[in-house]
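First up is the structure itself, then whatever we jot down about it.
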Amino acid sequence: MCTRSFILLLSVLFQVCTVSGQTISGYSVKWNTQSENSAESMPCGGGDIGLNVWVENGDILFYMSRSGTFDENNTLLKPGRVRLKLTPNPFGNEFSQELNPEEGCVYIKGSDGNITSKVHIWVDVFNPVINVDISNNQGLKIEACYENWRYQDRLLRKDESNQNSYKWAAPKDLVTKKDEVRFEGNKVLFYHQNQGKTVFDVAVAQQGLNEVKSLINNPLHNLVFGGYMEAKGFKASGISEGVYVNTDFRAWRLESEKLLKNCSIRIKLHTAQTPDIAAWKSGLEKPVVSDRKENKKWWADFWNRSFIHIASDNDGKAKEIARNYQLFRYMLGCNAYGDYPTKFNGGLFTYDPQYTDTLYRFTPDFRKWGGGTHTAQNQRLVYFPMLRSGDFDMMRSQFDFYNRLLPAAELRSKVYWGHEGACFTEQIENFGLPNPSEYGWKRPDDYDKGMEYNAWLEYQWDTALEFCYMILEHEQYTGGDIKEYLPLIESTLRFFNEHYQYLARQRGRKVFDEQDKLVLYPGSACETYKMAYNASSTIAALKVVTRDLLKSGSFGADSIKREYFTAFLSRIPEIKTRHTGGHETIAPAWLWERVNNTETPQLYPVFPWGIYGVGKENLEIARNTWRYDPDVQKFRSHVGWKQDAIWAARLGLVAESKDLVVKKLRSAGTRFPVFWGPGFDWTPDHNWGGSGMIALQEMLLQTDREKIYLLPAWPKEWDVHFKLHAPYNTTVECKVEKGTIRLLKVIPEERSGDIIVNL
């Protein structure tokens, strides 16, 4: 381990080095053959819009997705599909389709005989506009078809309601209601308008909250989303019908009035809550000019924030995982400014479901685990890597999601139990209540109304604390003002203090144990160790979030609040250890009744909570837990949301980290290499990608307040050049070749003294 003075010398010496090597342009994905179907599509997006783009039988197609397009049943509906036809078809002899992540766009090129064409597809980061720019060497006939499978009400079949909030318990004859689609002059207008009763109304009544219904935000009421497609020099030319995969659709066709060498097709999207379609259309029709130069600059700045470039080793695995890290980060960047967080179960890039699972021969709107339902344990893995990558602006969607739901979470505590604090459940709807099917339709009449009648989710309230922690870390990293989120953090903590005293009073006269500590029972160590007594994951979360809240620069000098949370911190019980095969290990809880899932909460004190790990005296206890705990070993995997690669990195286990991160970030079996999944969820599996990002980052850089651990789990045989972020507005850029640091640049320079090298 190097001394800090030596690191200061390294910083000075190597900041003057010239570094050449891999750039983001080297991670483009290029195909020289057309696709068989939508599963062989390529992601393209920006702002809060995602496209799945592919070329099939000479036609250019793309699905459109946008953040927040929830129907009456809370399915995240796609606005539709676009099909482009060029005649004569230029994609005969030569063809290429390329994702250019550097510019955030897709290029499609082709030639046939003396015809050549280039199609440029890109999404405006700053405005909800999809641009398709076509350039031909001679005049061609061009058709643009808007295709919609919701041209009539569609009865939801068995298992199809997994896409919405009813899940496996849909009412009889539930339908996805039809869209409105029509020509307006030479434009195609399309929209979905939520009308009448929605699943929000059903959930509120089911959960006994009708009396406070007006106090709960209803994001589905009068929601309208859609847009129009237009192109200068095009005219409406008819409606046709067809079938794609196994779903019938109707197509509204625009065609060029004459043969064109150049043209631009534009699809503008709009979402608003209003009962007035005329008012909605006025918002849609506001003039927008897409500035390509401004968009290119946004993507350039995005890639300059951070990067990880790994030189190819003997078998090419290192370069592959570096490429896939960048490509997945690109997909996250496509929903940088969504009103809703990026969904763990496909984000903006799902496609026809039978290509993910042949059992689900449903419409392109389908995904498992719902549209408006957010599984907190999975969502957090999508957002934690944004701290190290410096994508702080992208985290706001997730923070605001919980902030909007705060009133509903506090109402739950007040109505059901008569105490303060915000009760956020693990499976949470976009209006703040538990998923109604997991809340339970067939509940005993005397069962606690505030509880989910569900073996996996009962007493599982921890995960909201991880988003509180991210907010506090955001402040540490950026120095930004988080005052708007302090009520969220305070109320989430207050719930545990108030509720576990409330539960203790139901059992007996005393509310604290003999050590004057809270008794966190009944609890849940993730979804795995159920009816837990003092779960280690809960204890770690409460300790770290309360500690950091008290240290927060935004907390201020409110003496009453400070006394309250100081007292609360002193009453949080300690994490228990146990002996496993003669080794001291972290216990998942003090006691528990049963094991219900395959998560590993005994390692949550390592990640995300950082109580155990590299540079800490208790490191060996955590390593023993990794090595000897039989459940930890049994549950170990790289698939889906599994976090073993992260824990291996946090424990400084180089060989294990390398093995698991290679498995985690190697190319998927799909044509586009980072459409991982389905894992435990869906394809593309965004919590698979997010957990892989975190693991790779942690192998390179870990932090503990001021301390920065450099290369704590990095294999010496991998050459790397990276730039990552650390607390206190710090960036660390480092280049390693043949096990030797060739560049170390720390900004600000005075933070160089906080670097500890572990290579």
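The values are calculated or read from the model by the stated rules, or taken from the named source; none is laboratory data. What you see is a predicted model, and the numbers here were worked out from it, not measured in a lab. For neighbour counting, all protein chains shown are included, and Cβ atoms are generated from backbone atoms with ideal geometry for every residue, glycine included.
Could you tell me whether any residue of region 400-419 is part of a loop (DSSP other than H, G, I, E, B) and over 11 Å from Gln207 (Cα atoms)?
As a first pass, look at region 400-419 and keep what is part of a loop (DSSP other than H, G, I, E, B): 418-419.
Checking which are over 11 Å from Gln207 (Cα atoms) leaves us with 418-419.
Within region 400-419 (the criterion being part of a loop (DSSP other than H, G, I, E, B) and over 11 Å from Gln207 (Cα atoms)), the answer is yes, since at least one residue qualifies.
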Fill in the blank from the handout: Pairing a residue in region 557-576 that is small (Gly, Ala, Ser) with any residue that is outside any helix (DSSP H, G or I), where Cβ atoms lie under 6 Å and the two sit 6 or more apart in sequence or on different chains, gives none
Handout entry: Which listed residue, of Lys293, Lys319, is within 16 Å of Val123 (Cβ to Cβ) and part of a helix (DSSP H, G or I)
Key = Lys293
Problem - Pair list, Cβ under 6 Å, 6 or more apart: region 132-158 residue under 18 Å from Glu257 (Cα atoms) and assigned by TED's automatic domain parsing to the domain that holds Arg253, other residue outside any strand (DSSP E or B) and among the charged types (D, E, K, R) - result: none
Exercise for the section: Select from region 216-243 the residues that are touching a Pro at 6+ places or on another chain (Cβ under 9 Å) and surrounded by 18 or more Cβ atoms within 10 Å (Cβ to Cβ) and write down the one among them that is farthest from Asp400 (Cα to Cα). Expected result: Gly227
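Using the structure shown, decide if Gly113 is at positive phi, at pLDDT below 95 and either out of contact with any Cys (no Cβ under 7 Å at 6 or more places or on another chain) or not assigned by TED's automatic domain parsing to the domain that holds Asn52 (or both). Steps first, answer last, please.
Working: at positive phi: yes; at pLDDT below 95: yes; either out of contact with any Cys (no Cβ under 7 Å at 6 or more places or on another chain) or not assigned by TED's automatic domain parsing to the domain that holds Asn52 (or both): yes.
Here the answer is yes, as Gly113 does meet what is asked.
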Exercise for the section: Spot the failing condition for Ile575; the list is (1) surrounded by fewer than 22 Cβ atoms within 10 Å (Cβ to Cβ); (2) within 31 Å of the chain's Cα centre (by Cα); (3) assigned to a loop (DSSP other than H, G, I, E, B), and only one is missed. Expected result: (1)
Problem - Test: residue in region 711-733 that is in contact (Cβ under 8 Å) with a residue 40 or more places away in the chain, among the acidic types (Asp, Glu) and more than 24 Å from His638 (Cβ to Cβ) - result: no
Exercise for the section: For Tyr383, work out the one condition from (1) closer than 30 Å to Pro171 by Cα; (2) crowded, with 19+ Cβ neighbours inside 10 Å it doesn't fulfil. Expected result: (1)
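Search region 513-539 for residues being of a type in the set (A, V, I, L, M, F, W, C) and within 22 Å of Lys634 (Cβ to Cβ), and hand back the single one that is surrounded by the fewest Cβ atoms within 10 Å (Cβ to Cβ). Full working, then the answer.
Taking region 513-539 as the starting set, the residues that turn out to be of a type in the set (A, V, I, L, M, F, W, C) are 518-520, 525-526, 531-532, 535, 539.
Checking the rest, the ones that are also within 22 Å of Lys634 (Cβ to Cβ) come to 525-526, 531-532, 535.
Working: Ala525: 30, Cys526: 25, Met531: 16, Ala532: 26, Ala535: 33.
If we take residues in region 513-539 being of a type in the set (A, V, I, L, M, F, W, C) and within 22 Å of Lys634 (Cβ to Cβ), then Met531 is surrounded by the fewest Cβ atoms within 10 Å (Cβ to Cβ).
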Problem - Which listed residue is at pLDDT below 95, farther than 22 Å from Leu332 by Cα, of a type outside the set (A, V, I, L, M, F, W, C) and over 26 Å from the mean Cα position of the chain (by Cα), from Lys707, Lys716, Lys745, Lys735 - result: Lys716
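Looking only at helices (runs of 4 or more DSSP H) that lie completely in region 585-687, which have at least 3 residues being within 25 Å of Lys530 (Cβ to Cβ) and either at pLDDT 95 or above or not aliphatic (A, V, I, L, M) (or both)?
Working: elements: 619-628, 630-635, 644-650, 654-665.
Of the helices (runs of 4 or more DSSP H) lying wholly inside region 585-687, those with at least 3 residues that are within 25 Å of Lys530 (Cβ to Cβ) and either at pLDDT 95 or above or not aliphatic (A, V, I, L, M) (or both) span 619-628, 630-635, 644-650.
Residue-wise test of (1) assigned to a loop (DSSP other than H, G, I, E, B); (2) out of contact with any Leu (no Cβ under 6 Å at 6 or more places or on another chain); (3) of a type in the set (D, E, K, R); (4) outside the structural domain of Ile586 (by TED's automatic domain parsing).
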position	(1), (2), (3), (4)
Lys442	yes, yes, yes, no
Trp456	yes, yes, no, no
Phe467	no, yes, no, no
His499	no, yes, no, no
Arg547	no, yes, yes, no
